[in-house]
Amino acid sequence: MNDSVKKILLILIVFFIAGCASTALAITGGKIISHEFKIYHFSDEDYLDIFNLKNGERITKYCTNHEEQVEVRKIRTHHDGVDRTIWIVDIVETVEQK
């Protein structure tokens, strides 16, 4: 495979991934449902960061719905031919300094 074909394939893959993230943002409005069935809302930039997490990765972001910092972890599972994404959301404990 020559270099120009590889570059075109890479560009198409990047556009596909960006399109999936944009579509998910448009459908959900920046909201995710946690493993405890609570709804969390994030800014557009934060939502895209969360959406692009790899399996098992975690990130701390500000939830605009609950007005607090939360740690979001993405877990992908595959059972009985069904892919699932589970969002584990934990509230970040802030320590006040005196």
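Computed quantities for the displayed model
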| quantity | calculated |
| --- | --- |
| Other-chain or far-sequence residues with amide H under 5 Å of His66's (modelled H) | His41 |
| Length gained when the stretch Asp3-Lys38 is fully extended (0.36 nm per residue, less Cα-Cα span) | 7.9 nm |
| R0 of 25 Å, Cβ-Cβ distance Ile91-Lys54: FRET efficiency to nearest 0.05 | 0.65 |
| For the stretch 39-53, Karplus couplings with θ = phi - 60° (6.51, -1.76, 1.60), whole Hz, Gly/Pro x | 9, 10, 10, 10, 5, 4, 5, 5, 4, 5, 4, 5, 4, 8, 5 |
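Every number here is computed from the coordinates shown, using simple stated rules; none is lab data. Everything numeric here is computed off the predicted structure, so don't read it as measured data. Note that each Cβ is placed from the backbone with ideal geometry, even for glycine, and that neighbours are counted across all protein chains shown.
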